[in-house]
Amino acid sequence: MPELPEVETTLRGISPHIHGQTVANTIIRQPKLRWRIPDDLAHTLAGQTVLECTRRAKYLLIRFATGIVLIHLGMSGSLRIFTAGDARISSPDKHDHVDIVFADGTVLRLHDPRRFGAVLWFAGAPEHHPLLAALGPEPLSPQFNADYLYEKLRKQKRAAKLALMDNAVVVGVGNIYANECLFKAGVSPMRAANQITRQECALLVETIQAVLQRAIATGGSTLRDFVNSDGKSGYFQQEYTVYGRHNQPCLQCGDLIHKAVIGQRGTFYCTRCQK
Ligand SMILES: [Zn+2]
């Protein structure tokens, strides 16, 4: 599943090719994604120029004069750029559901085999969109800091891992990143959130930011894959220190890594290194 680093890498990969470009045509081959693509999207976008490309949580936001296109990659979605003249523009794959065609012939194409992605239109400021309004801060923003996290967690009795994965606390910490960050910060995923000290909150913030930044940096080396590629292998492989390592020796102490299920998600941890 594309996580925040993949979405950030996608943003950086596609932006230079579509920023300032004018939409000539929008082709919707399959409107039934997680939510139906608006029937009049092609009409809405025709002749409009891309003013800005940004990201909020795992949503890509393409801003036009009269509103924004929100794109979510869901479970299996990816975006690709094809430049004018590429033969694949006229021979889409069966999972290539949407093409935004620009005036110079460049195509932005959404490929999504499982169709949990989304392409939505919103004629307003992104922070007012129902999907974005209640989101917590971006993990790499100054708003996400030790004081903020401590204030949020000290009112919650639920497991630390569940709190970190809650988009209302901070966005972009999915299951894998939550496992990795708790391990690196030495905090048990089961510990009650209100039992985490301010000092541990500082360590968690530092760790979350370092892990995400490293993943984004890794993704940077795959930028060329966004242009004229087949779009089938867009996500980068990560090396995990604890995730998926059930019954293997802890990389810090050698004890075996445990596995539990918290919030229906696989949770991996070391009982010696994480308290
Ligand atoms: Zn250990």
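What lysines could a cross-link reach from K259, if we take a straight Cα to Cα line under 26 Å and drop same-chain neighbours fewer than 8 places away?
The reachable lysines, counting only those whose Cα sits under 26 Å from K259, are K157, K161, K184, K275.
If you roll a 1.4 Å probe over the heavy atoms of the protein chains, what accessible area per residue do you get for the chain, in Å²?
Numbers: 12720 Å² over 275 residues.
Result: 46 Å² per residue.
Over the chain, with a Gaussian network built from C-alpha contacts below 10 Å, which listed residue (S90, S15, S76) shows the highest mean-square fluctuation?
Most flexible of the set in this elastic network: S90.
Give me the angle, in degrees from 0 to 90, between the Cα long axis of helix 198-220 and the longest principal axis of the Cα atoms of the chain, rounded to the nearest 10.
The helix 198-220 is inclined about 40 degrees to the chain.
State to the nearest 20 debye the size of the charge dipole of the range 82-210 about its Cα centre, where the only charges are +1 on K and R beta carbons and -1 on D and E beta carbons. Walk me through the numbers before you get to the answer.
Numbers: 14 positive and 14 negative charges, 154 e Å.
Using Cβ point charges on Lys, Arg, Asp and Glu, the range 82-210 gives about 740 debye.
Which of the trypsin sites (Lys or Arg not before Pro) found in the range 1-50 are in a DSSP loop and have at most 15 neighbouring Cβ atoms, other than their own, within 10 Å?
On the way: sites: R12, R29, K32, R34, R36; in loops: R29, R34.
Of the trypsin sites (Lys or Arg not before Pro), the ones in loops of the range 1-50 whose Cβ has at most 15 other Cβ atoms within 10 Å are R29.
In the range 77-149, which trypsin sites (Lys or Arg not before Pro) are in a loop and have at most 16 other Cβ atoms within 10 Å, using DSSP for the loop call?
Details: sites: R80, R88, K94, R109, R114, R115; in loops: K94, R114, R115.
Counting only loop positions with at most 16 other Cβ atoms within 10 Å, the trypsin sites (Lys or Arg not before Pro) in the range 77-149 are K94, R114, R115.
For every other residue with a beta carbon closer than 10 angstrom to the beta carbon of R198, add +1 if it is Lys or Arg and -1 if Asp or Glu, then tell me the sum. Provide the component values of the computation, followed by the final result.
Numbers: positive: R154; negative: D147, E151, E200.
Local charge sum for R198: -2.
Report, ordered by chain and residue number, the lysines lying within cross-link reach of K94, taken as a straight Cα distance under 25 Å and ignoring same-chain residues fewer than 8 apart.
K32, K58, K232
Using only DSSP helix segments of four residues or longer, with each worth -39500 (n - 2.57), what per-residue ellipticity at 222 nm results for the chain after dividing by its residue count and rounding to 500?
Values: 6 runs with 67 residues, N = 275.
Helix contribution divided over all residues of the chain: -7500 deg cm²/dmol.
Hey, got a sec? Which chymotrypsin sites (Phe, Trp or Tyr not before Pro) in the range 79-170 land in a DSSP loop and have at most 16 other Cβ atoms within 10 Å? List each step's numbers first, then the result.
Values: sites: F82, F102, F116, W121, F122, F144, Y148, Y150; in loops: F116, F144.
Within the range 79-170, the qualifying chymotrypsin sites (Phe, Trp or Tyr not before Pro) (loop, at most 16 other Cβ atoms within 10 Å) are F116.
Could you work out the relative contact order of the chain? I mean the mean sequence separation of Cα pairs under 8 Å and 6+ apart, divided by the number of residues, in percent.
Working: 537 pairs, mean separation 52.2, N = 275.
Once normalised by length, the contact order is 19 percent.
Is the shape of the range 1-92 rounded, prolate or oblate, going by the alpha carbon gyration tensor and its root eigenvalues a ≥ b ≥ c, with a/c under 1.5 for rounded and a/b larger than b/c for prolate? Working shown, then result.
On the way: a/c = 1.19, a/b = 1.16, b/c = 1.03.
Verdict is rounded for the range 1-92.
Please state the charge dipole magnitude for the range 1-75, taken about the Cα centre, from unit charges on C-beta atoms (+1 on K and R, -1 on D and E), reported in debye and rounded to the nearest 20.
Working: 9 positive and 6 negative charges, 32 e Å.
Once rounded to the nearest 20, the dipole reads 160 debye.
Can you give me the angle between helix 175-185 and the longest principal axis of the chain, using Cα atoms only, in degrees from 0 to 90, rounded to the nearest 10?
The answer is roughly 40 degrees.
I want to verify the translational diffusion coefficient of the chain in µm²/s; compute it with Stokes-Einstein, Rh as the Kirkwood radius over Cα pairs, at 25 °C and 0.890 mPa s. Write down the numbers at each step before the final one.
Numbers: Rh = 20.0 Å.
Taking Rh from Cα pairs, D becomes 123 µm²/s.
Can you pull the semi-axes for the range 98-172, root of five times each eigenvalue of the Cα gyration tensor, sorted largest first, whole Å? Let's see the in-between values first.
Values: eigenvalues 238, 46, 29 Å².
Output for the range 98-172: semi-axes of 35, 15, 12 Å.
How far is it, in nm, from the label point at V261 to the one at N194 when both lie 7 Å from their Cα along the line to the Cβ?
2.8 nm
Determine the percent antiparallel among the DSSP beta bridges restricted to the chain, to the nearest 5.
Of the beta bridges lying entirely in the chain, close to 100 percent run antiparallel.
Can you tell me the orientation of helix 4-18 relative to the chain, as the angle in degrees between its alpha-carbon axis and the longest Cα principal axis, to the nearest 10?
So the inclination is approximately 20 degrees.
The values are calculated or read from the model by the stated rules, or taken from the named source; none is laboratory data. These numbers come from a predicted model, not from an experiment. Because the Cβ atoms are built from the backbone with ideal geometry, glycine has one as well, and the counts that use them run over all protein chains shown. Note: accessible area is taken over every heavy atom of the protein model, side chains too, but ligands, DNA and RNA are not part of it. Shrake-Rupley method; radii C 1.70, N 1.55, O 1.52, S 1.80 Å.
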